[in-house]
1. If segment 12-64 were replaced by its equivalent ellipsoid, with semi-axes equal to the square roots of 5 times the Cα gyration tensor eigenvalues, what would those be, largest first, whole Å?
2. As a check on your grasp of the helix formula, calculate [θ] at 222 nm for the chain: sum -39500 (n - 2.57) over DSSP H runs of n ≥ 4, divide by the residue count, round to the nearest 500.
3. I need the calculated FRET efficiency for the pair Leu66 and Phe10, taking r as the beta carbon distance and R₀ as 25 Å, to the nearest 0.05.
4. Only Cα pairs within less than 10 Å get springs; with that Gaussian network setup on the chain, which residue of Pro38, Pro65, Pro12 has the largest fluctuation?
5. How far apart, in nanometres, would the label points at Met18 and Val35 be if each is projected 7 angstrom from Cα along the Cα-to-Cβ direction?
6. What's the angle, to the nearest 10 degrees (0 to 90), between helix 10-35's Cα axis and the longest principal axis of the chain?
7. Cut-off 10 angstrom, C-alpha nodes, Gaussian network model of the chain. Which of Gly28, Gly36, Gly50 fluctuates the most?
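Read the figures in this text as sums done on the coordinates, not as results from a lab. It should be emphasised that the depicted structure is a prediction, and the values quoted were computed from it without experimental measurement. As a convention, Cβ positions derive from the backbone with ideal geometry for all residues, glycine included, and neighbour counts pool all protein chains shown.
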Amino acid sequence: MTKKLPVRLFQPLFGLFMAFFMSFLMSGAITAINVGLPPDFFSRWMHSWGLAFMLAYPAILIVAPLARRLTLKLVQSPFAPAAPVAGTKG
């Protein structure tokens, strides 16, 4: 059996993965848009990615609670009981 990390690490770890993947993809796309695909594209991308990741991780940790609260105002809470459907008992 594999030992898992405690649940208290869920948010920081989730934020780490989100920052990793989003900064990787976005920095690659923006670098390609700005400079095209020159021979040194990969080194430029990796430089941009390093900077983007250093900004993305703290930003995600700060913005995620706000995004969660805004989302819960727009959708039914997954924790609330479902509203009864019209024409049914309950």
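1. Over the Cα atoms of segment 12-64, the semi-axes work out to 24, 9, 8 Å.
2. -24000 deg cm²/dmol
3. According to the calculation, E is roughly 0.90.
4. Highest fluctuation among the options: Pro38.
5. Modelled inter-label distance: 2.9 nm.
6. It works out to around 40 degrees.
7. Gly36
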